[in-house]
Number of protein chains: 2
Amino acid sequence: MEKNLRDIHSPEDIKGMSLEQLYLLSDELRAALTRKLAAHGGHVGPNLGVVEATVALHYVFDAPKDKIVYDVSHQSYVHKMLTGRIEAFLDPAHYDDVTGYTCPRESDYDLFEVGHTSTSIALATGLVKSRDLVGGKENVVAFIGDASLGGGMALEALNYAPELHSNIIVILNDNQMSIAENHGELYNHLKTLRDSNGTAENNIFRALGYEYIYVEEGNDLRALIKAYREAKGQNRAVLVHINTMKGMGLPCAEAHKEQFHYNGPFDPKTGANINSAQVESYQEIFALQLLDKMRADKRVVGLTAGTPGAIGWDPAMREAAGDQFVDVGIAEQDCVTMAAGMARGGARPVMGVVSTFLQRAYDQLSHDVAINDLPVTFVVFYGSMFGMNDMTHLGFFDIAMVSNIPNITFLAPASAEEYKAMLDQAVDSANGPVVIRIPGGAVRHQSAPVNTDFTKYETVEQGAEVAIIAEGTFLETALKAAEILRSKGVTPTVINPRILSQVDAGSLDTLKDYRHVITIEDGIVDGGFGQKVAAYLGTSPVKVTCLGLEKEFLDRFNAAELLKANGLTPEQIASIA
Amino acid sequence: MEKNLRDIHSPEDIKGMSLEQLYLLSDELRAALTRKLAAHGGHVGPNLGVVEATVALHYVFDAPKDKIVYDVSHQSYVHKMLTGRIEAFLDPAHYDDVTGYTCPRESDYDLFEVGHTSTSIALATGLVKSRDLVGGKENVVAFIGDASLGGGMALEALNYAPELHSNIIVILNDNQMSIAENHGELYNHLKTLRDSNGTAENNIFRALGYEYIYVEEGNDLRALIKAYREAKGQNRAVLVHINTMKGMGLPCAEAHKEQFHYNGPFDPKTGANINSAQVESYQEIFALQLLDKMRADKRVVGLTAGTPGAIGWDPAMREAAGDQFVDVGIAEQDCVTMAAGMARGGARPVMGVVSTFLQRAYDQLSHDVAINDLPVTFVVFYGSMFGMNDMTHLGFFDIAMVSNIPNITFLAPASAEEYKAMLDQAVDSANGPVVIRIPGGAVRHQSAPVNTDFTKYETVEQGAEVAIIAEGTFLETALKAAEILRSKGVTPTVINPRILSQVDAGSLDTLKDYRHVITIEDGIVDGGFGQKVAAYLGTSPVKVTCLGLEKEFLDRFNAAELLKANGLTPEQIASIA
């Protein structure tokens, strides 16, 4: 079987195939994909659901001349298998040769590094515009899932694209799921369209000027090829709505769609996770604490923009929270601004959010929440070099992005106890917005009581001469560096700053006659809290060194190497003190 | 006449009026509003167009118990007149007692500080949710213009709101205009609905689960009152589509809708501007230069997200640029990401953007443009304390926001010549994204040739002991401070940094044995370029002082006072040197 797949070096190799051969090819691709996913983990359901849709795409269109843009691109595995990267799906030794998203560094068939949702139609309109300026004739295709379509930019672009009066094909891969369930009336509308075989009235796509083609059998090659051929080469905007099944062909993924959206290694027969050791997580601590607070106060509301699982809210927890848990779908802007409205109405909203996705709502944080100084609490997960490590999902940037917005109190706990005290204070009594950044790495506990005046730095160890001010993740590192230094006869002061959006002048004033102040943060140094400290101490003789990460986009880095490259090991810190 | 208006202290005062009296009231409101607008300037067309829609709103609904959320809120003048603030529209001495937007600091009838588009439905859903959690019964109304509806968050919220299955009323004020003309197929759809008196097929609002009510006579009180009464008190999502005329009742505003969207003082008879002295502007310089570049190269494209006038592209210029100028409507996200797509396709996109609106596309800047390292050029206007001064439109934050994103070259020219050289270089030969921040204040010229190695700081005056590194707007201030210092026997070095996204180590290394380095920037100090300098020089004995603005949201400040409060006058700078 794999011999056939190994012969596929480019889409050219499938263009001469008969329909029967294409069906066989799809089965082989699905089988190979399942083997890799089970052994390696990855986006299981999204890819198994689009095997046929992808084979048909490369059969009908002529990439890379025709341009295919994947939304999120977490469903591009089969595309990679058909475009010269099959080895990375057949040979375990090469599994990590490819990223989990489209990647121009890998292949000319991949046009963009993508990982966030809702970008494909806008990117495609740009390709259309540049094509038309120079008189090109290629097709431009945006391949977007139903969940991604609910994101604001996707809707903006859906609205704008037909105005170009030029060839653009939107393939709407409707698998009836977001990561979790979909939210918003659009999804009832899509159901109405599916239930009527595409004939229902009030067709939103026709309203927006699209030629609309519905494919009920979105996992059937024959139907897909027919629809794609109809869409190809038209000089207008065409939307092909394909009804697919997420996780198609793998029973556990078909049955447990949320779990198998993305999963680690698993037994393909039973669906059981292979590495299922239970470790304590901040997600669980957050969800349980918030559920308690919800039960005590009806006005406490938990919010997510489409990623409930990533913030600890599995289906059972959501069920328990009832109408006090809100998932708006992948619509971070709506989520943040809805939270602002809730706070004005007297509720106590708490949004859990993945660091990299918070940047999708910068204006909403600033204009809606911060200017209005409303008590909305944000709990930020994966804001750490020990979080996600795909280039499109880095958690290095939230300190610089958020802590420089006025009125926002930006807190970085260094332990579970500190975090819990911060959440209690924010939800129970804050008068303005509070952002709490969950530290990276294993959950840390502290036995000392938590000082809840979070406007003040906390001196954890009192020393002299040298001070290390280390936020969140790096407090433990600082304590280790202090130990090394003590063995060399220097007893440094170790400070946990907790608040990163302003300096604690009182604390810093005590350091002005020190020899050296070292700041450490789990994020880029530029725009971070360390530079605030350096500026505050700029007119004092004390030396200041700001440690953290360089301002750069990295991809699938090794954390230990990154620590070393940035001088962040205890030994390195001690050596410069 | 004004006696009647002066008797209106709250909406209660109009509830007992007959329809005839309400018609008369509307005429009087429009006349008073026109007088103020002509003398004072403001959002002319938007407010004149909604006189009746606002009177009917306060007649039918019971604010502040019923909650009304204005989108952008630039159309809330009549609302202010009816809610206790009439004096500010009748007495010239009190014209500036009110802001140009809704403002909770002014009145309980105003729920949010708002100035950006597309927020109202999301804010309203938040009010709905908090109401429903505590069992309230009030109506929640979002009042949104057709142009604002095209923004991503408005569409996200339009999609989500009906899922609440609860009272929410969206009033769609369709005046058939954005600031300039609308873009996107939604606007053809709205036309189809208007042309069919609301009966056209493929109704997008019905598709999204709304009860849809169309009001052809959107400037007629009787029709509006009937429609609002129908919408009021329903336990579901209702959308009232009202067909209004922007600038209604003022011939010049009816005829010149783009000009009179927002205008300074004018002669209400002729429409002629009163203060029409022509001064040189960076907008004009930008537009003419870019048009030249478009003519020389078909791949050069100008882009805007709904604000062509604010970046120098009046209708004649747009006409001249033809298909090389793109306005996507008020959809900054789509605009930025479309530019990324264009750049990948080989075009050379240049987006002109107002500083405060660039923050609406942070994720697009980072994820789509910067990660993909694409040659998109952004020219940022009003990024200055001398730009806009409404709390919702401040230009203080773009340095901190943008310059800390990897791969972006963030440039701050200090003269027209420097700016032009930067645009030439960015469009002609950049390999990655470039952001050029237009300085504030009058256009400055330099006679010295421009050093086009913009990775390097430029020493404008060589001195010793003290160095002043002043970006853009403040270079002139630094030169004045230097003059003062020379008169006191100190000859400082004055440096124009030009690049704010990285330090010029070579230049800073020459300052390590100086006594004092002072940085000045036209934006908040936090997260800015000065703190990068302070951090770089942190291990050297030289003192560093970072000057700029405090991190705070200000409203309608006096620029001279703000300079003083932040130590930014030449005298103050010289005094600390």
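Interface area, chains A and B: about 8300 Å² of buried accessible surface, summed, with a 1.4 Å probe and ligands, DNA and RNA left out. Interface residues of the stretch A:532-568, defined as those with an accessible-area decrease of at least 50 Å² between the chain by itself and the complete set of protein chains (probe 1.4 Å), are A:Ala535, A:Thr539, A:Lys551, A:Phe553.
Using C-alpha pairs below 8 Å separated by at least 6 residues, the relative contact order for the stretch A:71-176 is 26 percent. Remark: label point of A:Lys65 defined 7 Å out from Cα along the Cα-Cβ vector; separations to the same position in other copies 7.0 nm, ascending.
Of all chain A C-beta atoms, the nearest to the rotation axis linking A with B is recorded, alongside its rounded Å distance, as A:Gly152, 1.
What do you get for Rg/Rh over the stretch B:477-531 if you use C-alpha atoms and the Kirkwood form of Rh? Walk me through the numbers before you get to the answer.
Numbers: Rg = 12.3 Å, Rh = 12.6 Å.
Radius of gyration over Kirkwood radius for the stretch B:477-531 works out to 0.97.
Shown in residue order for the stretch B:219-226 are the 3J(HN,Hα) couplings computed by the Karplus curve 6.51 cos²θ - 1.76 cosθ + 1.60 at θ = phi - 60°: 10, 10, 4, 4, 5, 5, 4, 4 Hz (x for Gly and Pro). Counting pairs of alpha carbon atoms under 8 Å apart in space and at least six apart in sequence, what relative contact order in percent does the stretch A:352-462 give? Reported as a whole number, the value is 31 percent.
Per-residue Cβ counts within 10 Å, from other chains only, averaged over B:206-214: what number is that?
Numbers: counts 5, 15, 7, 6, 1, 0, 1, 0, 0.
What the average comes to for B:206-214 is 4.
Over the protein assembly as shown, the fraction of Cα-Cα pairs per 20 Å bin, rounded to whole percents and listed from the shortest bin up, is 12, 42, 37, 9, 0. Given the stretch A:36-160 reduced to its alpha-carbon atoms as identical point scatterers, what log10 I(q)/I(0) does the Debye formula return at q = 0.19, 0.22 Å⁻¹? Debye curve over Cα of the stretch A:36-160, log10 I(q)/I(0) at q = 0.19, 0.22 Å⁻¹: -1.07, -1.37.
Projecting label points 7 angstrom from Cα along Cα→Cβ for A:Glu201 and B:Asn197 puts them 1.7 nm apart. Ordered from highest to lowest accessible area with the whole protein assembly present and a 1.4 Å probe, B:His74, A:His256 read as A:His256, B:His74.
DSSP beta bridges confined to the stretch A:324-465 are antiparallel in about 0 percent of cases. Separation of the stretch B:185-215 and the stretch A:154-213, taken as the distance between their Cα centroids, equals 17 angstrom.
B:Ser415 sits with roughly 0 Å² accessible to a 1.4 Å probe, with DNA, RNA and ligands left out of the calculation. Computed over protein heavy atoms with a 1.4 Å probe, the accessible surface of the protein assembly as shown works out to 32 Å² per residue.
Cα convex hull of the stretch A:262-324: how many Å³ per residue? In the stretch A:262-324, the Cα hull volume divided by residue count equals 99 Å³. Here the 3J(HN,Hα) profile of the stretch B:14-31, calculated from phi with Karplus coefficients 6.51, -1.76 and 1.60 at θ = phi - 60°, is 10, 5, x, 6, 6, 4, 4, 5, 5, 4, 4, 4, 4, 4, 5, 4, 5, 5 Hz, Gly and Pro shown as x. The separation of the stretch A:305-378 from the stretch B:467-523, counted between C-alpha centres, amounts to 43 Å. Overall, the anisotropy analysis places the stretch B:317-391 in the oblate class: the square-rooted eigenvalues a ≥ b ≥ c of its C-alpha gyration tensor yield a/c not less than 1.5, with a/b not exceeding b/c.
Here the sum of -39500 (n - 2.57) over DSSP H runs of 4 or more residues, divided by the residues of chain B, equals -10000 deg cm²/dmol at 222 nm, to the nearest 500.
Candidate cross-link partners of A:Lys191 among the lysines, defined by an alpha-carbon separation under 24 Å and a same-chain spacing of 8 or more, comprise A:Lys226, A:Lys246, A:Lys257. Normalise the Debye intensity by I(0) for chain A, one equal point scatterer per Cα, no solvent, then take log10 at q = 0.10 Å⁻¹ and round to two decimals. So the normalised log intensities are -0.89.
Please report, as a whole percent, how much of the solvent-accessible surface of the protein assembly as shown comes from carbon and sulfur atoms (probe radius 1.4 Å). Kindly include the intermediate steps, with their values, before the conclusion.
On the way: 18250 of 37030 Å².
Roughly 49 percent of what the probe reaches on the protein assembly as shown is carbon or sulfur.
Counting only heavy atoms of the protein chains and using a 1.4 Å probe, B:Asp7 has close to 80 Å² of accessible surface. Taking all protein chains as they are arranged and a probe of 1.4 Å, the heavy atoms of A:Phe381 leave approximately 0 Å² accessible to solvent.
3J(HN,Hα) along the stretch B:86-96, derived from phi through the Karplus expression 6.51 cos²θ - 1.76 cosθ + 1.60 where θ = phi - 60°, amounts to 4, 4, 5, 10, 10, 9, x, 5, 10, 3, 8 Hz, with x in place of Gly and Pro.
Do you know the relative contact order of chain B, to the nearest whole percent, from alpha carbon pairs under 8 angstrom that are 6+ apart? Could the numbers behind the result be given before it?
Working: 1214 pairs, mean separation 57.9, N = 577.
Value for chain B: 10 percent.
Consider a paramagnetic label point 7 Å from the Cα of B:Glu284 along Cα→Cβ; state which residues of the stretch B:371-391 have an amide N under 19 Å from it. B:381-382, by backbone N distance to the label point.
Pairs of Cα atoms in the stretch A:332-448 fall into 10 Å distance bins, from 0 up to the last occupied one, in shares of 15, 47, 31, 7 percent.
For B:Asp513, inter-copy separations between label points set 7 Å beyond Cα along the Cβ vector come to 2.9 nm, shortest first. Starting from the label point of A:Leu288 at 7 Å along Cα→Cβ, the same points in the other copies fall at 7.0 nm, in ascending order. Placing dummy labels 7 Å off each Cα toward the beta-carbon, the span from B:Arg295 to A:Arg515 is 6.7 nm.
Which percent, to the nearest 5, of DSSP beta bridges fully inside chain B are antiparallel?
Working: 6 of 60 bridges.
Bridges in chain B that DSSP calls antiparallel: roughly 10 percent.
Report for the protein assembly as shown the percent antiparallel among DSSP-assigned beta bridges with both residues inside it, nearest 5. Provide the component values of the computation, followed by the final result.
Details: 12 of 120 bridges.
Counting only bridges with both partners in the protein assembly as shown, antiparallel ones make up about 10 percent.
Legend: residues B:Glu561, B:Glu211, sorted from most to least accessible area (1.4 Å probe; ligands, DNA and RNA excluded), read B:Glu561, B:Glu211. For the stretch B:407-467, the mean projected area of the C-alpha convex hull, equal to one quarter of the hull surface, is 5.2 nm². Against the empirical 2.2 N^0.38 Å (N residues), the stretch A:1-99 has a Cα radius of gyration ratio of 0.98.
The values are calculated or read from the model by the stated rules, or taken from the named source; none is laboratory data. Not measured: the values here are computed from a predicted model. Every residue, glycine among them, receives a Cβ derived from its backbone with ideal geometry; neighbour counts consider all protein chains shown. These accessible areas exclude ligands, DNA and RNA; they are computed on the full protein's heavy atoms, side chains included. Shrake-Rupley method; radii C 1.70, N 1.55, O 1.52, S 1.80 Å.
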